[in-house]
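Visitor: Here it is, the structure, as structure tokens.
The values are calculated or read from the model by the stated rules, or taken from the named source; none is laboratory data. Here the structure is a predicted model, which is why all the values come from computation and not from measurement. Please note: Cβ atoms are built from the backbone with ideal geometry, for glycine as well, and neighbour counts cover all protein chains shown.
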């Protein structure tokens with residue numbers, strides 16, 4: 001016999017039980033793995049407009065969405081996750097929002113697969129931030145060019161949050177940082193660490209320099225200086241490129257200094273998120289000295 005639903009009287013959200021997978025109230029959570037209908041896609045195949053929603057997956061990520069500027073407008077989850085999120089769902093910021101409660105089976109039918117994490121939050125995309133605004137408030141920025149793997153982007157956000165990076169700037173050729181997998185891999189930090197896209201790449205790097213940033217281009221090139229010798233500025237922007245090709249020569253010429261992470265045993269490079277994390281740590285450890 002299934003457990004009785006929890007008491008919901010102290011929650012700010014409105015708990016609504018969903019028993020029909022086709023209930024239109026949960027359409028924003030539907031078919032998350034569908035290439036043709038995924039609700040987190042701004043543009044669907046063929047150029048059709050998509051919903052472009054932001055999906056938070058799991059208790060921790062949903063809690064971080066509630067705390068972020070990505071204001072959720074609905075939740076979908078099983079009773080157990082409702083219990084685990086009780087404190088967050090009692091916050092006045094979510095007052096009156098629907099929490100659609102469903103069994104694991106009904107939830108799987110809605111989203112298109114069994115979701116072990118058991119809860120989702122959904123938000124509309126807020127206005128994008130301006131790159132110039134990031135430059136005036138940050139002292140350490142991660143700059144990405146051509147990074148088109150969502151898991152790498154998610155890992156960069158998680159590393160940035162943990163190692164004191166203030167913001168992320170996306171150059172040309174990067175994947176959508178608000179894709180569901182990216183948000184999940186970032187553990188929700190893609191919703192908390194401010195980010196913006198460069199409107200004129202790589203010329204917008206001049207804007208960083210004008211705001212006092214030293215731009216450090218990470219490269220495996222042995223002629224570059226060791227990373228420990230490159231992180232000297234009061235404000236630093238670390239620039240990293242895609243797996244394999246790395247930064248374009250055009251982008252590196254727009255930087256101030258090329259830096260490498262000394263490698264051993266014939267290894268020529270590291271995963272982009274790992275390399276970025278080492279640079280972030282070098283910056284953080286230098287600040288503590």
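Visitor: So if I check each of 254, 273, which one is surrounded by 17 or more Cβ atoms within 10 Å (Cβ to Cβ), within 25 Å of residue 162 (Cα to Cα) and touching a helix residue (DSSP H, G or I) at 6+ places or on another chain (Cβ under 8 Å)?
Guide: Of 254, 273, the one residue that is surrounded by 17 or more Cβ atoms within 10 Å (Cβ to Cβ), within 25 Å of residue 162 (Cα to Cα) and touching a helix residue (DSSP H, G or I) at 6+ places or on another chain (Cβ under 8 Å) is 273.
Visitor: Here's something else I'd like to know. Quick one: is residue 237 at pLDDT 95 or above and surrounded by 21 or more Cβ atoms within 10 Å (Cβ to Cβ)?
Guide: Yes; evaluated as a whole, the condition is true for this residue.
Visitor: For the list (1) in contact with a strand residue (DSSP E or B) (Cβ under 8 Å, 6 or more places away or on another chain); (2) in contact (Cβ under 8 Å) with a residue 60 or more places away in the chain; (3) surrounded by 14 or more Cβ atoms within 10 Å (Cβ to Cβ); (4) within 24 Å of residue 96 (Cβ to Cβ), I need the number of the one condition that residue 32 fails.
Guide: For residue 32, the failing item is (4).
Visitor: Does residue 150 satisfy the condition of being touching a helix residue (DSSP H, G or I) at 6+ places or on another chain (Cβ under 7 Å) and surrounded by fewer than 19 Cβ atoms within 10 Å (Cβ to Cβ)?
Guide: Spelling it out, it is not the case that residue 150 is touching a helix residue (DSSP H, G or I) at 6+ places or on another chain (Cβ under 7 Å) and surrounded by fewer than 19 Cβ atoms within 10 Å (Cβ to Cβ).
Visitor: Applying the selection to segment 49-78, what residues are in a strand (DSSP E or B) and more than 14 Å from the chain's Cα centre (by Cα)?
Guide: Initially, segment 49-78 is screened for residues in a strand (DSSP E or B), giving 49, 54-57, 72-77.
Scanning segment 49-78 gives 49, 72, 73, 74, 75, 76, 77.
Visitor: Consider residue 146 carefully, then state whether it is assigned to a loop (DSSP other than H, G, I, E, B), on the phi > 0 side of the Ramachandran plot and in the same structural domain as residue 198 (by TED's automatic domain parsing).
Guide: Spelling it out, residue 146 is indeed assigned to a loop (DSSP other than H, G, I, E, B), on the phi > 0 side of the Ramachandran plot and in the same structural domain as residue 198 (by TED's automatic domain parsing).
Visitor: Before we move on, is residue 202 modelled with pLDDT under 95, surrounded by 21 or more Cβ atoms within 10 Å (Cβ to Cβ) and either under 26 Å from the mean Cα position of the chain (by Cα) or outside any strand (DSSP E or B) (or both)?
Guide: For residue 202, the condition - modelled with pLDDT under 95, surrounded by 21 or more Cβ atoms within 10 Å (Cβ to Cβ) and either under 26 Å from the mean Cα position of the chain (by Cα) or outside any strand (DSSP E or B) (or both) - is met.
Visitor: On the basis of being surrounded by 14 or more Cβ atoms within 10 Å (Cβ to Cβ), in contact (Cβ under 8 Å) with a residue 60 or more places away in the chain and in the same structural domain as residue 31 (by TED's automatic domain parsing), does residue 109 make the cut? Lay out the reasoning, then the answer.
Guide: Values: surrounded by 14 or more Cβ atoms within 10 Å (Cβ to Cβ): yes; in contact (Cβ under 8 Å) with a residue 60 or more places away in the chain: yes; in the same structural domain as residue 31 (by TED's automatic domain parsing): yes.
When the stated conditions are applied, residue 109 passes them.
Visitor: Identify the residue in segment 211-229 that is buried (at least 17 other Cβ atoms within 10 Å of the Cβ) and under 20 Å from residue 271 (Cβ atoms) and, among all such residues, is farthest from the chain's Cα centre (by Cα).
Guide: 224
Visitor: Just give me the residues in segment 81-114 being assigned to a loop (DSSP other than H, G, I, E, B), over 19 Å from residue 10 (Cβ atoms) and in contact with a strand residue (DSSP E or B) (Cβ under 7 Å, 6 or more places away or on another chain), in sequence order.
Guide: Across segment 81-114, the qualifying residue is only 102.
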